Amino acid sequence: MARKEDERKKFNTVKKVLDPKISGLGKGTTISYWSGIKKFFDVNEINNPDEYIVDLRRLERNERIDKSDEYEDNIKKFAISIKGIPSKTQNQYLASVKKFFAVNRIDFPSQVWNKIKIMNNIQKVRSLTLDKIPDQADLKAILSHGGLKEKALFMVNATSGTRIGEITSLTFDNLKFEENMLIIREDTAKGNYQRTTFITDEAKEVLQQWIIERKTYLKRKYIKSKYVREKLGKKGYTFKQDKPKKSTSKIDKQRTWKVYKDGKEVKIDDIIGLDDRVFPYTTTNARTMWNRMIEKAGHPYNEKDENQQFSRPRYKYHIHTLKKFWKTQLTSVAKEHKEFDHIHSMGAHESELGRIYSPTQVDDLKRTYFKYCDILNIFSDRYEMEKIIKPKMKEQDIAIASLVRENKDMEKQIKNLQRQYDRTIRVVQNQIMPEFHKMQDRINYIENQGDEHGGKAKIMEEQERGWIEKFPTQESQKKEIERLQALEKIYDERWKKTKK
């Protein structure tokens with residue numbers, strides 16, 4: 001039996017939030033907002049939102065203040081009722097209520113919301129789920145436990161940067177095979193803005209195989225499809241279920257449904273032709289398929305986040321990590337600022353998506369995507385090789401880093417030796433060489449007198465006379481000899497170091 005729809009959703013004050021055509025919000029966002037607004041209505045026993053909301057601008061000053069205080073009290077009462085649940089959920093609920101009042105032209109100062117957050121001890125939080133972003137090897141291990149339909153669905157999802165709801169809503173009209181292009185319609189895209197993205201050649205090949213098998217799949221499953229029944233019902237088709245025999249199996253019971261148009265039974269081929277989705281599953285079906293593969297893959301892929309704030313544990317490799325895989329891989333290799341902008345545009349992460357891309361802009365996106373898309377391949381041999389190559393490259397990086405450090409140490413030693421060498425040269429140039437030149441000049445002068453005039457004897461006399469004048473005693477002569485020997489030893493040591 002179908003669940004009865006909440007009548008309060010039909011009031012104009014609520015439609016301003018929940019109707020995407022009015023609010024500009026995506027379907028997922030409006031569903032999230034309604035959960036908070038509904039809870040606010042329940043806590044404050046509001047059955048008629050249109051009567052509850054009053055245009056404060058038309059009230060007298062005192063009435064306006066009283067009504068505003070009443071709304072604030074209702075918000076505080078609601079805040080008390082949700083106190084204790086995870087901070088992120090509280091933030092979501094409060095944002096829903098804030099949006100409800102804002103679209104109906106009732107705004108509260110930021111102090112009101114800040115006081116509530118302080119009162120409820122709402123912290124700045126990250127997502128409660130501890131994600132693990134898969135790499136190519138992880139996805140290969142997980143997808144190896146799925147059939148063709150799973151591989152096609154999740155490879156398209158992982159290589160296009162889309163959310164699973166966007167992929168399960170993808171129709172053939174929005175699939176451009178020749179260009180590997182997906183057009184995400186505004187009614188299914190985040191933020192209600194149409195965008196363009198792409199898939200790899202590897203994913204395209206698997207997708208083509210799936211499309212061949214898709215018709216056979218639909219013949220088996222069409223009668224279970226709520227999507228098909230709703231779509232046919234809007235077009236005037238009727239359904240009839242024959243009474244099954246007692247021995248009929250569960251599968252046979254599912255096939256007792258028949259579809260009629262104007263009193264005539266419709267053929268199965270005509271029925272499945274009305275389902276134009278590339279992947280004829282619901283988002284819930286897709287999540288179930290993913291979780292089934294995760295369980296088959298075993299540890300560590302079926303590891304769960306045991307956060308006590310969850311009603312039930314969640315997988316760390318959950319389905320949304322496929323989109324994170326896409327973004328992480330592409331941003332790790334992009335180099336230019338505009339390439340990052342293109343990646344954010346394809347993944348609906350940019351701040352301004354309020355336009356449909358022109359052909360030139362789509363070409364820019366395509367150029368960036370196919371420049372780096374090889375890194376998104378999952379079953380390519382290239383990544384099998386990388387599993388072997390990467391550890392060796394890491395070893396080489398460590399060796400290179402060690403050599404760089406050694407080279408820096410050697411550079412320091414060379415600089416120290418150079419400084420010592422420079423000092424030695426300065427001593428030689430400033431102290432020793434002048435004395436040497438003086439003596440050499442004296443020797444040359446005497447030698448020029450010729451041996452016939454007793455030149456050599458004069459040299460010896462001059463040397464002896466100078467030595468005796470400078471060092472008249474034996475003790476002073478001994479000290480000078482020792483000094484000269486020590487100085488000679490120092491110069492010899494410095495020279496040997498310089499040569500090394």
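Filtered by the rule that a residue be more than 17 Å from PHE177 (Cα to Cα) and either in contact with a Ser or Thr (Cβ under 7 Å, 6 or more places away or on another chain) or of a type in the set (Asp, Glu) (or both), the range 144-160 gives a lone residue, GLU150.
For the range 252-302, taking the residues that are surrounded by fewer than 14 Cβ atoms within 10 Å (Cβ to Cβ), in the same structural domain as LYS316 (by TED's automatic domain parsing) and in a helix (DSSP H, G or I), the one that is modelled with the lowest pLDDT is identified as THR284. Taken together, the criteria exclude THR89 from residues that are touching a strand residue (DSSP E or B) at 6+ places or on another chain (Cβ under 8 Å) and among the hydroxyl-bearing types (Ser, Thr, Tyr).
Residue-by-condition table, conditions (1) touching a Lys or Arg at 6+ places or on another chain (Cβ under 9 Å); (2) among the basic types (Lys, Arg); (3) surrounded by fewer than 22 Cβ atoms within 10 Å (Cβ to Cβ):
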{"position": "ILE133", "(1), (2), (3)": "yes, no, yes"}
{"position": "LEU148", "(1), (2), (3)": "no, no, yes"}
{"position": "VAL156", "(1), (2), (3)": "yes, no, no"}
{"position": "LYS176", "(1), (2), (3)": "no, yes, yes"}
{"position": "THR196", "(1), (2), (3)": "yes, no, yes"}
{"position": "LYS204", "(1), (2), (3)": "no, yes, yes"}
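Pairs needed: first member in the range 471-490, in contact (Cβ under 8 Å) with a residue 24 or more places away in the chain; second member anywhere, of a type outside the set (Phe, Trp, Tyr) and part of a helix (DSSP H, G or I); C-beta distance under 6 Å; at least 6 residues apart or different chains. Taking only residues 6 or more apart or on different chains, not a single pair turns up.
What's the total number of residues in the range 308-335 that are closer than 16 Å to TYR372 by Cβ and modelled with pLDDT of 85 or more?
Adding up the residues that qualify gives 10.
Kindly evaluate ILE122 against the criterion of being part of a loop (DSSP other than H, G, I, E, B), out of contact with any Leu (no Cβ under 7 Å at 6 or more places or on another chain) and closer than 30 Å to LEU56 by Cβ. When the stated conditions are applied, ILE122 passes them. Against the conditions (1) aliphatic (A, V, I, L, M); (2) assigned to a loop (DSSP other than H, G, I, E, B); (3) within 28 Å of HIS320 (Cα to Cα), ALA141 satisfies every one except (2). Looking at SER160, is it touching a strand residue (DSSP E or B) at 6+ places or on another chain (Cβ under 6 Å), modelled with pLDDT of 90 or more and of a type in the set (Ser, Thr, Tyr)? For SER160, the condition - touching a strand residue (DSSP E or B) at 6+ places or on another chain (Cβ under 6 Å), modelled with pLDDT of 90 or more and of a type in the set (Ser, Thr, Tyr) - is met. Here ILE375 meets each of (1) of a type in the set (A, V, I, L, M); (2) out of contact with any helix residue (DSSP H, G or I) (no Cβ under 7 Å at 6 or more places or on another chain); (3) at pLDDT 70 or above with one exception, condition (2). The set of residues in the range 144-199 that are among the charged types (D, E, K, R) and part of a helix (DSSP H, G or I) comprises LYS149, GLU150, LYS151, GLU166, ASP173, GLU178, GLU179, LYS190. Scanning the range 181-196 for residues being in contact (Cβ under 8 Å) with a residue 40 or more places away in the chain and touching an Asp or Glu at 6+ places or on another chain (Cβ under 9 Å) gives a total of 8.
The values are calculated or read from the model by the stated rules, or taken from the named source; none is laboratory data. Keep in mind that what you see is a predicted model, and the values were worked out from it rather than measured. In this analysis, Cβ positions are derived from the backbone assuming ideal geometry, glycine residues included, and neighbour counts consider all displayed protein chains.
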